[in-house]
Amino acid sequence: MRALFIVNPQATTTTPRSRDVIVGAIARHVELHVAQTEYRDHAGEMARDAAGEGFDLVISLGGDGTVNEVVNGLLRTPEGLDRPSYAALPGGSANVFIRALGMPNDPVEATGAVLEALRSGSSREVGLGRISSGRDDRYFTFCAGFGWDADVVHEVERRRRRGRRASPALYTGVALQKFLRGETRDPSLQVRTPGRGPVSGLHFALVTNTTPWTFAGTVPVQPTPRSRFRLGLDAFGMSTLNPATTARLLGKMLSPSGVPPMGRGYTTWHDVPSLTISSEHPRPFQIDGEYLGTRDRMDLHSVPKALRIIV
């Protein structure tokens, strides 16, 4: 088996020495070519070209941004070529997609799990989400968000460019700061799904492809606990954004069972093939924890069995 190992050298939870250990372990089992990312979407470009260069497997080491790039690259494999399988190793601060697959959050332990899966031939097909609207046409692996969460992602990215390290504490602090300032109170969003009337007056909306949406340290955050890779899309929207309701819902999200399907101050959708989120004016938008700017409309679709994952 020929494998392309895409490494993000800026991965926050690995060191050059640990990366060398991981490369050495994998190279004992497959014919391995190692490539480091050098600029934004470089991982996607390499993944897109992997099939044409004769690779059977693409492995990545990085965070959720690297995973998103690789997935989008693999889904752009030219027609007529066999798309390589994919194995993702954690190297970021959250690693939501990898942990949602049930993989260890330690990169060395995850490497051992991937090698065991390769020896046993274990793999699974996972569904993805796809956004298509105007200039956007790309896949997401676990979430897309309009409003509050996207605004938080944008601010965290800005602080990272100034030297701050991304962490659950930073995300939590920024989210709380924006809430207390009243910056999150904007009920301009509407969600439409097939066979169901539109729901308006939402302050923010989140679409998921699996659960959890993210992690607060080691604790999974679950606004859509019924969301699964094998099903369609789930969504969660908040229609009330006062301190009491927000505190109650955050408590539910952090509980083992997550947010119930029905309740006061929010609406949920489960296992839908597609949905549209629109706004009365442009709002911040993110996918897989990456800020994409502002949008006033986004169409989202479920893509079943989109990718084969070694796990």
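Okay, here's what the table says:
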{"item": "Unique residue being hydrophobic (A, V, I, L, M, F, W, C), over 22 Å from ALA100 (Cα atoms) and surrounded by 13 or more Cβ atoms within 10 Å (Cβ to Cβ) when the list is LEU250, LEU292", "result": "LEU292"}
{"item": "All positions within the range 239-295 that are basic (Lys, Arg) and free of Cβ contacts under 8 Å to residues at least 60 places away in the same chain", "result": "ARG248, LYS252, ARG264"}
{"item": "Residues that are open to solvent by less than 30 Å² (accessible area, probe 1.4 Å) and touching a Gly at 6+ places or on another chain (Cβ under 7 Å), drawn from the range 227-247", "result": "PHE229, LEU233, MET238, THR245"}
{"item": "Extreme residue, farthest from ASP234 (Cα to Cα), among residues of the range 140-189 that are of a type in the set (Lys, Arg) and assigned to a helix (DSSP H, G or I)", "result": "ARG161"}
{"item": "Selection count, the range 211-234, where residues are small (Gly, Ala, Ser) and not in a loop (DSSP other than H, G, I, E, B)", "result": "1"}
{"item": "Matching residues, the range 60-96, being part of a loop (DSSP other than H, G, I, E, B) and out of contact with any strand residue (DSSP E or B) (no Cβ under 7 Å at 6 or more places or on another chain)", "result": "GLY63, ARG76, THR77, PRO78, GLU79, GLY80, LEU81, ASP82, ARG83, SER93, ASN95"}
{"item": "Yes/no for THR77 being within 24 Å of VAL303 (Cα to Cα) and buried (at least 20 other Cβ atoms within 10 Å of the Cβ)", "result": "no"}
{"item": "Residue tally, condition open to solvent by less than 40 Å² (accessible area, probe 1.4 Å), within 19 Å of ASP149 (Cα to Cα) and part of a strand (DSSP E or B), over the range 262-288", "result": "14"}
{"item": "Criterion violated by THR12 - all others in (1) within 23 Å of THR214 (Cβ to Cβ); (2) assigned to a helix (DSSP H, G or I) satisfied", "result": "(2)"}
{"item": "Positions within the range 1-26 being open to solvent by less than 30 Å² (accessible area, probe 1.4 Å) and touching a Lys or Arg at 6+ places or on another chain (Cβ under 7 Å), in sequence order", "result": "VAL7"}
{"item": "PRO90 vs. criteria in contact with a Gly (Cβ under 8 Å, 6 or more places away or on another chain), modelled with pLDDT of 95 or more, more than 22 Å from ARG283 (Cα to Cα) and open to solvent by less than 70 Å² (accessible area, probe 1.4 Å)", "result": "yes"}
{"item": "Residue ID - farthest from ASP288 (Cα to Cα), chosen from residues in the range 97-130 that are in a helix (DSSP H, G or I) and in contact with a Pro (Cβ under 7 Å, 6 or more places away or on another chain)", "result": "ALA113"}
{"item": "One residue from THR224, THR210, THR214 being at pLDDT below 95 and either within 22 Å of SER255 (Cα to Cα) or out of contact with any Asp or Glu (no Cβ under 9 Å at 6 or more places or on another chain) (or both)", "result": "THR214"}
{"item": "Every residue from the range 173-182 that is open to solvent by 70 Å² or more (accessible area, probe 1.4 Å) and either in contact with a Cys (Cβ under 9 Å, 6 or more places away or on another chain) or at pLDDT 80 or above (or both)", "result": "LEU176, ARG181"}
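The values are calculated or read from the model by the stated rules, or taken from the named source; none is laboratory data. Every value quoted in this text rests on a predicted model; they were computed, and no experiment measured them. Using ideal geometry, Cβ is built from the backbone for each residue, glycine included, and neighbour counts are taken over all protein chains shown. Note: accessible area is taken over every heavy atom of the protein model, side chains too, but ligands, DNA and RNA are not part of it. Shrake-Rupley method; radii C 1.70, N 1.55, O 1.52, S 1.80 Å.
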